[in-house]
Number of protein chains: 4
Amino acid sequence: MLYFVNDYSEGAHEKVLRHLIDTNMEQLSGYGTDHYCETAKEKIKKACGCEDAEVYLLTGGTQTNQIVIDTMLAPYEGVVAAHTGHVSTHEAGAIEFTGHKVLELPEKNGKICASDLKELAETFYGDDNHEHMVFPGMVYISHPTEYGTLYSKKELEELSSVCRKYKLPLFLDGARLIYGLVSKETDVTLQDLAELCDVFYIGGTKAGTLCGEAVVFTGNCMPKHFLTRVKQHGALLAKGRLLGVQFDALFTDDLYLEIGKNAIETAAVLKEGLKKKEYQFFIDSPTNQQFVVLENSRMEELKKDVQFGFWEKADDSHTVVRFATSWATRMEDVQKLLSLL
Amino acid sequence: MLYFVNDYSEGAHEKVLRHLIDTNMEQLSGYGTDHYCETAKEKIKKACGCEDAEVYLLTGGTQTNQIVIDTMLAPYEGVVAAHTGHVSTHEAGAIEFTGHKVLELPEKNGKICASDLKELAETFYGDDNHEHMVFPGMVYISHPTEYGTLYSKKELEELSSVCRKYKLPLFLDGARLIYGLVSKETDVTLQDLAELCDVFYIGGTKAGTLCGEAVVFTGNCMPKHFLTRVKQHGALLAKGRLLGVQFDALFTDDLYLEIGKNAIETAAVLKEGLKKKEYQFFIDSPTNQQFVVLENSRMEELKKDVQFGFWEKADDSHTVVRFATSWATRMEDVQKLLSLL
Amino acid sequence: MLYFVNDYSEGAHEKVLRHLIDTNMEQLSGYGTDHYCETAKEKIKKACGCEDAEVYLLTGGTQTNQIVIDTMLAPYEGVVAAHTGHVSTHEAGAIEFTGHKVLELPEKNGKICASDLKELAETFYGDDNHEHMVFPGMVYISHPTEYGTLYSKKELEELSSVCRKYKLPLFLDGARLIYGLVSKETDVTLQDLAELCDVFYIGGTKAGTLCGEAVVFTGNCMPKHFLTRVKQHGALLAKGRLLGVQFDALFTDDLYLEIGKNAIETAAVLKEGLKKKEYQFFIDSPTNQQFVVLENSRMEELKKDVQFGFWEKADDSHTVVRFATSWATRMEDVQKLLSLL
Amino acid sequence: MLYFVNDYSEGAHEKVLRHLIDTNMEQLSGYGTDHYCETAKEKIKKACGCEDAEVYLLTGGTQTNQIVIDTMLAPYEGVVAAHTGHVSTHEAGAIEFTGHKVLELPEKNGKICASDLKELAETFYGDDNHEHMVFPGMVYISHPTEYGTLYSKKELEELSSVCRKYKLPLFLDGARLIYGLVSKETDVTLQDLAELCDVFYIGGTKAGTLCGEAVVFTGNCMPKHFLTRVKQHGALLAKGRLLGVQFDALFTDDLYLEIGKNAIETAAVLKEGLKKKEYQFFIDSPTNQQFVVLENSRMEELKKDVQFGFWEKADDSHTVVRFATSWATRMEDVQKLLSLL
């Protein structure tokens, strides 16, 4: 069986695992106060080119979205997001669970645009009754998006500019960030994100760690008593080392770039092969997720040999499916997949 | 100055006020346990033709929406509503405050339709990942809607049928219900609502009381320990009599019908007059709210003599405004308004 | 049947009711923006001797406690209160419902003291692990307390001093405040409260209005976008006039003092009579609530003629009961009650 | 430096780590649906002697307490716990964050007793006003307690009996359960817990895993749509294998017993040594945590060579400290510690 079902099918990248093994019997203080957490944070800040950033390590993606959004919003505020945003659709209401509305914007290829955001803000503040409504309080984007697409630097600059005008912190969900950063079709760097976003995170779970997301607060915007609030959300790990050691490995000798590259290279070969075979793409993705429209009977047959993701119904006889590559994908498996298609 | 800005500009209908005066010095037990509350509930049940209903009196509309929705939903469920629904837009996130998502459906004339609801339910349960999403848990509609429009009996039957198929309680926001019930263009009765809805409320605030909304739970669906939950939401009145006495008056000698009729008759004359003057209607409303598109300079001039509601921008030079009538609107004021238009 | 069961058995004081009647057909703007609300707030600020205070009118006591505490606390903070405090015991968890812990202190006669508060704060900040605990964020006291007792000015000064040292806003629940202010055994004035508390409220419901509590924020501490947060809690009344008109009456010609005096005078006669008859007092209350220990069979007999409050079991054969007087209590009824005892 | 500061200073037990290494490159499905999770659950059910239990793997202790309590309580209910219980004091208000009150009982050696629980329930239901109060909805105990003490089987039976009478699920926090199960002074087995508790968890974090707590729902009481609620709380791990593999190792060849034994044996030697040196024990603990009263200057000196836990101030010149042993504690380090004392 070939696995292209997601980018978190294996455990940890061998170098991450190695670091866990090597440090295992060290006696370290708890709750993220150990020196591996410290070192990891320093390396991340350096990679971001943002020495005055504050970094916090959390366990999972939905948890991170929930905690960042809940702690950065005032209670009367909601978060603006694409209606296809992960926080809007696939997190079981984790945002609303903390009392905040997700204010949805239309999307194009999974992305929101500055003009729609501007209109939302203008309409809100132009409405005499806006005190009876949920205030827009921050903006959530994902990069790569849920559809594997990427914001250009210009698009981010425009969004950031509207955000700053309306004092809306810009929050970037980077669960798959590394696959965006190393894409051949991006002009966005980690340093750009540190400049344009108020907070973003670098996903570990989908990029070679067993778990873990590194939240980067730029410009002194980390919420007060953040550790207490993390604990209040039930998310404080006793053995914070688990996160510290893994991110320390990920940001040593550019391992995170190495991880990203394999995913992108295998995805590129897959994409090229699919094009040659004239498959219809649901969307043009420059990252590690490829969305293709399959005829239903073809899809059923493929299931016998390959695990892949069901995305959505295209029409009565066709389905959109997703093939995902990762740090662990072997080129020979891509070739095998192509030979089956 | 003429007031057409809303249907809650005056205090209480004189008969409601009279009943408050007459009962003022009676010594009554607290928290809604007094005999006026009891009598009011009996009269409401009778008017609904639903003896086994349970009635609960609350203070305001947003409060009622919040409490009914929060107490009837399971924690993992959200409420389905039109994206123009009051709970979706104009309640400052009161639903999300209690942890629940509002799952928005497209609207037509402020209404949702059975086929859209069916599609939402089918798509949800057809999605293999639906356990990662907010479950649809109940359906919210308003009648009249936020645009003054009304559901037909057929439309309600269809909605109710889909609701029952998917075990989604149907909740009708009747803040302005009386103005729907007495409209000349409706075929929906209070008894129909008791049959087709699982819970609905009969608004007092916008229909001649100082405050108060009467929630009707049909078919034994009142949440367990409802009084405790009302108190937990901060909504239990010590002097529950304030609500009981007012609804007792409203449901004595069909006062609520009398109140409704005045609003509808004055609105009908206004609508006819506006048509004759060839004003453009934003929407065709058969109830006490009339939405008209005014040229902006015209609107500014009118403001000198009339209070009316700003609804939304139509285009750069036109605005949608609302004129509302009520139990208290005098026909001579309608004539004065028409003479100014 | 004689009623001494509580201080909210009747409707409104006749002057309050009269003002509602007189203003009933005035057309006023909604949501507390009308001129009666404005005037009431001005009169209250004047009575408090605190022109820069901000006043907000809410509907009920639990609602007020919930909203004030939730909006003034940071999300990681709890409210410190006596373990007999109303918010600790009799509000169905309305504080916890909004995510905050009630941090309980021991009480003496229903009151907390400065030294216990200081110790709580010192222990908290002295604990290296306090970031894993709920931060004390404000202090709640009731005056009169749930046992009818009163803080002295000195006690309030001491509490206020500790509060300011630890930056804990002091919040006084004045649901029955008027009965404290006019007690013959108090040295605390409304002006003192405005100086010593950061926020307090003047109860209407238990002091002659149909509903309503007037929250006074001193020194610029009213939470941002308070109206939005009130609405989010489901507590914003469309007809805000209902509260404005009533408090306007209450603070006209010192009506609130008049209301207080009747309750205190009748309670004093009752207390004196009970003493003469050598009844055992559960606690020495200088306000309108008198707590007496009755032999159980005696209590049962009394129930035939009098309604009074069950407080708690004293021992197997005795019960603590409460007799409450109010603005509406007639001296002749006190005499009748005494003749029955 | 010697480490006795807690039982989570090292990484994972070597056999747990080994299993992570061995399974690392297996491609597994996400969110806890993989076969290691399945096997782990089966082994746990078998160890509990309770085939019809349902087991769910979560990441951390506070998270587990929060999710179990929030999902098993009705919204109007609170959880009964010792006032020294972890949920009462050291979880940053994680329970209240989900809207529930912790109803505190007095403790003796960290334990609550059946008679106090019975009295709480009787007083609650005996109070005519109990609908205005938080309903007791479940009972939380920790075993070992926060003071290292253990319930006897008889004590648990009595608690369980009161719980069942009042329909209060009994929930046992077993973050350190293994150290209780293998204590020489216990008569409580895992099978007893499965019979007497409605839900309990077997801690991994403090017993040799990198993270993870295994919740055991006995008798069909796992809340509906539990995965969705876990996700809503932000606690669903994409790589659920991380938990499955570790618990699979822990419950293979009785590794968890082996882990427990080392902690208990080293603690016993330490306790014996401390007794011989006539140190004053704060409490008599039969598990891996030993609480001793140290003279302050003595304590300061010891800090140079040993890390241990500050517990609380005993008096002005003495402090209660905690020495904790674990699966990883070496007997030679205990000897070194004793030589320093």
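The values are calculated or read from the model by the stated rules, or taken from the named source; none is laboratory data. Predicted model only: the values in this text are computed from it and were never measured. Quick reminder, even Gly has a Cβ in these numbers, built from the backbone with ideal geometry, and neighbours come from all protein chains shown. For accessibility, only protein heavy atoms count, side chains too; no ligands or nucleic acids. Shrake-Rupley method; radii C 1.70, N 1.55, O 1.52, S 1.80 Å.
Checking the conditions here, which among C:Glu146, C:Glu122 is in a loop (DSSP other than H, G, I, E, B) and either within 14 Å of chain D (Cβ to nearest Cβ) or in contact (Cβ under 8 Å) with a residue 24 or more places away in the chain (or both)?
C:Glu146
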Evaluate the following for C:Thr33: is it over 14 Å from C:Thr252 (Cα atoms) and either touching a residue at least 24 places away in the same chain (Cβ under 8 Å) or surrounded by 22 or more Cβ atoms within 10 Å (Cβ to Cβ) (or both)? yes
Restricting to the range B:296-341, and then to whatever is of a type in the set (Asp, Glu) and not in a helix (DSSP H, G or I), can you tell me which residue is most open to solvent (accessible area, probe 1.4 Å)? B:Asp316
Going residue by residue through the range B:67-86, is there one that turns out to be within 8 Å of another protein chain (Cβ to nearest Cβ), surrounded by 18 or more Cβ atoms within 10 Å (Cβ to Cβ), in contact (Cβ under 8 Å) with a residue 12 or more places away in the chain and of a type in the set (Ser, Thr, Tyr)? yes
Exactly one of (1) at negative phi; (2) touching a residue at least 40 places away in the same chain (Cβ under 8 Å) is unmet by D:His130. Its number? (2)
Suppose we filter A:Asp253, A:Asp187 for residues that are assigned to a loop (DSSP other than H, G, I, E, B) and on the phi > 0 side of the Ramachandran plot; which single one remains? A:Asp253
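Return yes when B:Ala263 is touching a Phe, Trp or Tyr at 6+ places or on another chain (Cβ under 6 Å), assigned by TED's automatic domain parsing to the domain that holds B:Ala207 and of a type in the set (Gly, Ala, Ser) and no when it is not.
Answer is no for this residue.
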Name the residue, out of A:Glu272, A:Glu278, that is farther than 18 Å from A:Lys206 by Cβ, part of a loop (DSSP other than H, G, I, E, B) and at pLDDT 95 or above. A:Glu278
Report whether or not A:Gly203 is at pLDDT 95 or above, in the same structural domain as A:Gly49 (by TED's automatic domain parsing) and in contact with a Gly (Cβ under 7 Å, 6 or more places away or on another chain). yes
Qualifying positions in the range D:8-33 - out of contact with any Gly (no Cβ under 6 Å at 6 or more places or on another chain) and either modelled with pLDDT under 95 or within 11 Å of D:Arg241 (Cβ to Cβ) (or both): D:His19, D:Leu20, D:Thr23, D:Glu26, D:Gln27, D:Leu28, D:Ser29, D:Gly30, D:Thr33
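Listed here are the residues, each with its yes/no results for (1) of a type in the set (A, V, I, L, M, F, W, C); (2) more than 25 Å from B:Glu122 (Cα to Cα).
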residue: B:Pro144; (1), (2): no, yes
residue: B:Thr149; (1), (2): no, yes
residue: B:Ser152; (1), (2): no, no
residue: B:Pro169; (1), (2): no, no
residue: B:Leu172; (1), (2): yes, no
residue: B:Leu190; (1), (2): yes, yes
residue: B:Ile202; (1), (2): yes, yes
residue: B:Thr209; (1), (2): no, yes
residue: B:Gly219; (1), (2): no, yes
Per-region count, the range C:261-295, residues open to solvent by less than 20 Å² (accessible area, probe 1.4 Å), in contact (Cβ under 8 Å) with a residue 40 or more places away in the chain and not β-branched (Val, Ile, Thr): 10
Yes or no: the range A:10-26 includes at least one residue that is open to solvent by 60 Å² or more (accessible area, probe 1.4 Å), charged (D, E, K, R), at the interface with chain D (Cβ under 8 Å from one of its Cβ atoms) and over 15 Å from A:Tyr256 (Cα atoms). yes
State which residue is farthest from B:Thr64 (Cα to Cα) when the search covers only the range B:112-145 and only residues that are open to solvent by 20 Å² or more (accessible area, probe 1.4 Å) and touching a strand residue (DSSP E or B) at 6+ places or on another chain (Cβ under 7 Å). B:Asp128
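Rundown of residues vs (1) assigned by TED's automatic domain parsing to the domain that holds D:Val87; (2) without any contact (Cβ under 8 Å) to a residue 12 or more places away in the chain; (3) closer than 19 Å to D:Asp173 by Cα, yes/no style:
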| position | (1), (2), (3) |
| --- | --- |
| D:Asn24 | yes, yes, no |
| D:Glu38 | yes, no, no |
| D:Lys43 | yes, no, no |
| D:Leu58 | yes, no, yes |
| D:Thr62 | yes, no, yes |
Checked the range C:164-182 for anything open to solvent by less than 10 Å² (accessible area, probe 1.4 Å), touching a Leu at 6+ places or on another chain (Cβ under 7 Å) and either assigned to a loop (DSSP other than H, G, I, E, B) or over 21 Å from C:Met138 (Cα atoms) (or both); matches are C:Gly180
Being among the β-branched types (Val, Ile, Thr), open to solvent by 10 Å² or more (accessible area, probe 1.4 Å) and within 14 Å of another protein chain (Cβ to nearest Cβ) is the filter here; which residues of the range A:36-66 pass it? A:Thr62
What tally of residues in the range D:190-208 results from selecting those that are open to solvent by less than 30 Å² (accessible area, probe 1.4 Å) and either over 23 Å from D:Leu117 (Cα atoms) or part of a loop (DSSP other than H, G, I, E, B) (or both)? 8
Identify all residues within the range D:176-235 that are under 18 Å from A:Leu236 (Cβ atoms) and of a type in the set (Asp, Glu); write none if there are none. D:Glu213
So C:Val5 clears everything in (1) under 16 Å from the mean Cα position of the chain (by Cα); (2) at the interface with chain B (Cβ under 10 Å from one of its Cβ atoms); (3) surrounded by fewer than 21 Cβ atoms within 10 Å (Cβ to Cβ) except one condition, right? Which one? (1)
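Tell me which residues, restricted to the range B:89-111, are within 14 Å of the chain's Cα centre (by Cα) and open to solvent by less than 20 Å² (accessible area, probe 1.4 Å).
The answer is B:Glu91, B:Gly110.
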Quick check: anything in the range D:216-229 open to solvent by less than 10 Å² (accessible area, probe 1.4 Å), among the small types (Gly, Ala, Ser) and outside any helix (DSSP H, G or I)? no
Which ones in the range B:9-22 are more than 25 Å from the chain's Cα centre (by Cα) and more than 20 Å from B:Asp254 (Cβ to Cβ)? B:Ile21
C:Phe308 fails exactly one of the following numbered conditions: (1) under 15 Å from C:Leu2 (Cα atoms); (2) more than 14 Å from chain D (Cβ to nearest Cβ). What is the number of that condition? (2)
Here are some conditions: (1) open to solvent by less than 50 Å² (accessible area, probe 1.4 Å); (2) away from every other protein chain (no Cβ under 14 Å); (3) out of contact with any strand residue (DSSP E or B) (no Cβ under 9 Å at 6 or more places or on another chain). C:Asp253 meets all but one. Which one does it not meet? (1)
